[in-house]
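K.L.:
Would you mind keeping the following structure in view while I ask a few things?
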Amino acid sequence: MDILQNQIIQFLYFIVALVVTLTAHEASHALVAYYLGDPTAKIHGRLTLNPIAHLDPIGSLLFLLTQTVGWGKPVPVNSANFKSPVRDSALTALAGPVSNFILAFAVALPLKYLGTYLPDAINLLFWMVFHVSVLLGVFNLFPFPPLDGSKVLGLFMPRKFYNAYDNYLNNGVKYFVAIILVDVFILRSLFGFSFLGYLMQNLSNAISAVLLLGT
């Protein structure tokens, strides 16, 4: 019974951490877009820390089920309002993962220096926020639409490939879905583990180590 109670408690903390990290992630997109000249997200009520405005039903449910991959409701952006559409779109996209790494670093500080004085419940919540923030930041840097990494990719795209890149952004979601389905239902059954999960875990461990080292 104690094991079941602990699992339930940890899952509840995971939900809280997920709401906090997704909200920070999406609100950061809206804030940077507004700063760079695009008020679209603000007009649509996304420049807010209200989590209800940022939770995507499918992305949030996927995160709850897998506790590894997921996303928030995409922030509406009109790149025509940017002075440099490709660059500013990339910076707006990058703001989400960066906010997650900053949040992870912020909660790592009290964990390292005050952890022995904090209640167990606070320690557990902070650790959960730390791990979920890192996972969300890493996952969203993958270069597949609709993830942020697909927009960041534009920073390194030669101008002659812009048309092909735009087509990729518009149609790349199906490739991303196909990769997930193949990884979950085929590769996992053949090799006994998820390649996407393996990559996520190793990248997350590396970034977590760097963040904890910096505290």
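The values are calculated or read from the model by the stated rules, or taken from the named source; none is laboratory data. Keep in mind it's a predicted model, so treat the numbers as computed, not measured. Because the Cβ atoms are built from the backbone with ideal geometry, glycine has one as well, and the counts that use them run over all protein chains shown.
K.L.:
Of the residues in the stretch 1-39, how many are touching a residue at least 40 places away in the same chain (Cβ under 8 Å), surrounded by fewer than 18 Cβ atoms within 10 Å (Cβ to Cβ) and polar (S, T, N, Q)?
P.N.:
Total satisfying the criteria: 1.
K.L.:
So ALA209 ticks every box in (1) free of Cβ contacts under 8 Å to residues at least 12 places away in the same chain; (2) of a type in the set (A, V, I, L, M); (3) out of contact with any helix residue (DSSP H, G or I) (no Cβ under 7 Å at 6 or more places or on another chain); (4) more than 30 Å from GLY115 (Cα to Cα) but one. Which box is left unticked?
P.N.:
Evaluating ALA209 over (1) free of Cβ contacts under 8 Å to residues at least 12 places away in the same chain; (2) of a type in the set (A, V, I, L, M); (3) out of contact with any helix residue (DSSP H, G or I) (no Cβ under 7 Å at 6 or more places or on another chain); (4) more than 30 Å from GLY115 (Cα to Cα) leaves (4) as the failure.
K.L.:
Within the stretch 119-127, does at least one residue satisfy the condition of being among the acidic types (Asp, Glu) and either in contact with a Gly (Cβ under 9 Å, 6 or more places away or on another chain) or touching a residue at least 40 places away in the same chain (Cβ under 8 Å) (or both)? Before you say what the answer is, go through the steps one by one.
P.N.:
Quick first cut of the stretch 119-127, residues among the acidic types (Asp, Glu) only: 120.
Retained after the next criterion (residues that are either in contact with a Gly (Cβ under 9 Å, 6 or more places away or on another chain) or touching a residue at least 40 places away in the same chain (Cβ under 8 Å) (or both)): none.
No: zero hits.
K.L.:
While we're here: Kindly indicate which of SER79, SER84, SER89, SER99 is in contact with a Gly (Cβ under 9 Å, 6 or more places away or on another chain), hydroxyl-bearing (Ser, Thr, Tyr) and farther than 21 Å from HIS131 by Cβ. It would help to see each step written out before you state the result.
P.N.:
Working: SER79 fails: in contact with a Gly (Cβ under 9 Å, 6 or more places away or on another chain); SER84 fails: in contact with a Gly (Cβ under 9 Å, 6 or more places away or on another chain); SER99 fails: farther than 21 Å from HIS131 by Cβ.
Criteria check complete, one pass: SER89.
K.L.:
Look through the stretch 75-93, keep the residues that are under 16 Å from GLY149 (Cβ atoms) and among the small types (Gly, Ala, Ser), and return whichever of them is surrounded by the most Cβ atoms within 10 Å (Cβ to Cβ). First the steps, then the outcome.
P.N.:
First, pick out the residues of the stretch 75-93 that are under 16 Å from GLY149 (Cβ atoms): 75, 77, 86-87, 89-93.
Of the ones still in play, those that are also among the small types (Gly, Ala, Ser) are 89-90, 93.
Details: SER89: 22, ALA90: 21, ALA93: 27.
My answer is ALA93.
K.L.:
For a quick check of your reading of the model, give me the residue pairs whose first member lies in the stretch 163-185 and is in contact (Cβ under 8 Å) with a residue 12 or more places away in the chain and under 27 Å from PRO85 (Cα atoms), whose second is assigned to a helix (DSSP H, G or I) and small (Gly, Ala, Ser), with beta-carbon atoms closer than 7 Å and at least 6 apart or on different chains.
P.N.:
TYR165/GLY154; LEU169/SER150; GLY172/SER150
K.L.:
Okay, moving on. Failed condition for VAL98, given (1) touching a residue at least 60 places away in the same chain (Cβ under 8 Å); (2) farther than 24 Å from LYS73 by Cα; (3) surrounded by fewer than 21 Cβ atoms within 10 Å (Cβ to Cβ), with all others met?
P.N.:
It is condition (2) that VAL98 fails.
K.L.:
Further, regarding this structure: Mind listing just one residue for me: the one in the stretch 164-206 that is within 19 Å of GLY59 (Cβ to Cβ) and β-branched (Val, Ile, Thr) and, of those, surrounded by the fewest Cβ atoms within 10 Å (Cβ to Cβ)?
P.N.:
VAL177
K.L.:
Taking the residues in the stretch 145-175 that are more than 19 Å from the chain's Cα centre (by Cα) and not in a helix (DSSP H, G or I) as candidates, determine which candidate is nearest to GLY96 (Cα to Cα).
P.N.:
MET157
K.L.:
Looking only at the stretch 68-109, which residues are small (Gly, Ala, Ser) and closer than 15 Å to SER28 by Cβ?
P.N.:
Residues of the stretch 68-109 that are small (Gly, Ala, Ser), as a first pass: 70, 72, 79-80, 84, 89-90, 93, 95-96, 99, 104, 106, 108.
Within the stretch 68-109, GLY72, SER89, ALA90, ALA93, ALA95, GLY96, SER99, ALA104, ALA106 qualify.
K.L.:
Look at the stretch 176-215 and say how many of its residues are over 30 Å from LEU103 (Cα atoms) and in a helix (DSSP H, G or I).
P.N.:
Here is the first cut: in the stretch 176-215, the ones over 30 Å from LEU103 (Cα atoms) are 178, 181-182, 185-192.
Cutting the leftovers down to in a helix (DSSP H, G or I) gives us 178, 181-182, 185-191.
The total comes to 10.
So that you can scan it fast, the table gives a plain yes or no per residue for (1) at pLDDT below 90; (2) within 30 Å of PHE105 (Cβ to Cβ); (3) touching a strand residue (DSSP E or B) at 6+ places or on another chain (Cβ under 7 Å); (4) not acidic (Asp, Glu):
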{"position": "LEU135", "(1), (2), (3), (4)": "no, yes, no, yes"}
{"position": "ASN163", "(1), (2), (3), (4)": "no, no, no, yes"}
{"position": "VAL173", "(1), (2), (3), (4)": "yes, no, no, yes"}
{"position": "LEU211", "(1), (2), (3), (4)": "no, yes, no, yes"}
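K.L.:
Give me the helices (runs of 4 or more DSSP H) completely within the stretch 1-102, filtered to those with at least 1 residues that are more than 12 Å from the chain's Cα centre (by Cα) and basic (Lys, Arg), ordered by residue number.
P.N.:
Values: elements: 2-35, 40-43, 57-66.
Filter on the stretch 1-102 gives 40-43.
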